[in-house]
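Notes to accompany the following structure.
Derivation of every value follows stated rules applied to the coordinates shown; laboratory data play no part. Worth saying up front: this structure is predicted, and the values here are computed from it rather than measured. Glycine also receives a Cβ, built like all others from the backbone with ideal geometry; neighbour counts cover every protein chain displayed.
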Amino acid sequence: MELKDVIEKRRTVRDFQHREVPDSVIGYAIENAFKAPSYNHLREWDFIVVKNPESKLSLIDYENLHKTASGDELENIFKNEDEIMKEMYLDAVPKQKKMILNAPAVIVVVFKPKTKVPDAKKIYDLNCLASVWACIENFLLSLAEYDVYGVTYIPQNSKTIKEKLGIPEELEIATIIPIGYRDDKAKLLKQKEINIRERIHQDSW
Ligand SMILES: Cc1cc2nc3c(=O)[nH]c(=O)nc-3n(C[C@H](O)[C@H](O)[C@H](O)COP(=O)(O)O)c2cc1C
C-alpha cells in the first residue's frame, strides 16, 4: 500500500471482531516497529503478546476496570469540553474493559527508561518515551496495512502489571494495545478539523 493510504487508514478502534490476528501480521508489525528512530541507537523495546483470556482478565483486575462511570457521570465530567473530544471520551471510557477482553491479542509495549519519570527535568530526559512512541506508530501503521487496528491504552497501575508479567524492574510499560479486526458496528469518531496552513510557521512563529 501507499504510505499515504496507510496513514489515512490508521484509526483508533475499540470494538473488535471475534477473529484471530495471524502471528505473521503481528510479527510484521513488530519488525517494522523496530525500524523507528531511537534516541540512543539501541532500540531498547520489547513486546509481550498476550492472548490468554485469563491474562487479559488479570490486566482488567490490576487496572480496576470493572467499574466505569455511567453515561450521566461522563456527560457531567466532560460538559465544558470540546464537543468532538467529549464524543470521543463518551464512546471510549465505557469500552476500556471490553476492548481488552474482546481483542484477540493485547500487546504490552515495554521500553528502557533513560531517567525515571519523576526525575525528568527537561524534554531531553524523555527521549526514551519519544522513541518508543515512534516505534508504536510504526507498529500501528503496519497493522492497518492488514486491516488490523489497535487502541493505545495507558495503564495506571503499571507496577503491578510489571510484577505479574515478570517485566524486569528497570523497564517500563509505554502502553498496552488491544488489537484486532474492526467490528462492523464500531463507531468511527469524528476528527477535529485542523487548518494545516495555520499550523505551519515559516522561519519563526
Ligand atoms: C498517548 C496516548 C494515550 C492514549 N490513551 C488512551 C487510553 O488510555 N484509552 C483509550 O481508549 N484510548 C487512548 N488513546 C487513543 C486516543 O483516544 C486516540 O488516539 C484519539 O482519540 C485520536 O483518534 P485516532 O487515533 O482514531 O486518530 C491514547 C492515545 C495516545 C496517543
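Our estimate of slack between Glu170 and Asn195, defined as 0.36 nm per intervening residue step minus the Cα-Cα distance, is 4.8 nm. Under a GNM of the chain (C-alpha, springs under 10 Å), which listed residue has the highest mean-square fluctuation: Val25, Val108, Val132? Result for the chain, Cα springs under 10 Å: Val25 fluctuates most. Indicate, rounded to the nearest 5 percent, the antiparallel portion of the DSSP beta bridges found entirely in the chain. Among the beta bridges of the chain, antiparallel pairing accounts for roughly 95 percent. Here's the list of aspartates and glutamates a cross-link from Lys95 could span, going by alpha-carbon distance under 18 Å and ignoring same-chain residues fewer than 8 apart: Asp15, Asp61, Glu63, Asp72, Glu73, Glu75, Glu87, Asp183, Asp184. Measuring nothing but alpha carbons in the chain and taking Rh as the Kirkwood radius, the Rg to Rh ratio lands at 0.97.
Using the Stokes-Einstein relation with a Kirkwood hydrodynamic radius computed over Cα pairs, the translational diffusion coefficient of region 136-205 at 4 °C and a viscosity of 1.567 mPa s comes to 82 µm²/s.
Between the amide H of Ala105 and those of Ile179, distances stay under 5 Å, these residues lying 5 or more places away or on another chain, with hydrogens modeled in the peptide plane. Using the structure shown, list the pairs from Lys122/Lys192; Lys112/Lys162; Lys35/Lys112; Lys51/Lys98; Lys97/Lys187 with a Cα-Cα distance above 20 Å, or answer none. Among Lys122/Lys192; Lys112/Lys162; Lys35/Lys112; Lys51/Lys98; Lys97/Lys187, the Cα-Cα distance tops 20 Å for Lys122/Lys192. Using a 10 angstrom cutoff on alpha carbons, build the Gaussian network for the chain and name the most mobile of Ile30, Ile77, Ile194. Of Ile30, Ile77, Ile194, the Gaussian network model singles out Ile194 as fluctuating most.
Which value in deg cm²/dmol, rounded to the nearest 500, describes the helix-derived mean residue ellipticity at 222 nm for the chain, given -39,500 (n - 2.57) per DSSP H run of n ≥ 4 and division by the residue count?
-11500 deg cm²/dmol
Just checking the listed ones, Val110, Val50, Val93: in the Gaussian network model of the chain with Cα springs under 10 Å, the one fluctuating most is Val93. In this label model, Lys98 and Ala134 are separated by 3.7 nm, measuring between points 7 Å along each Cα→Cβ vector.
Measuring nothing but alpha carbons in region 65-166 and taking Rh as the Kirkwood radius, the Rg to Rh ratio lands at 1.00.
At full extension, Tyr124 and Gln156 could sit 9.2 nm farther apart than now, given 0.36 nm per residue minus the alpha carbon distance.
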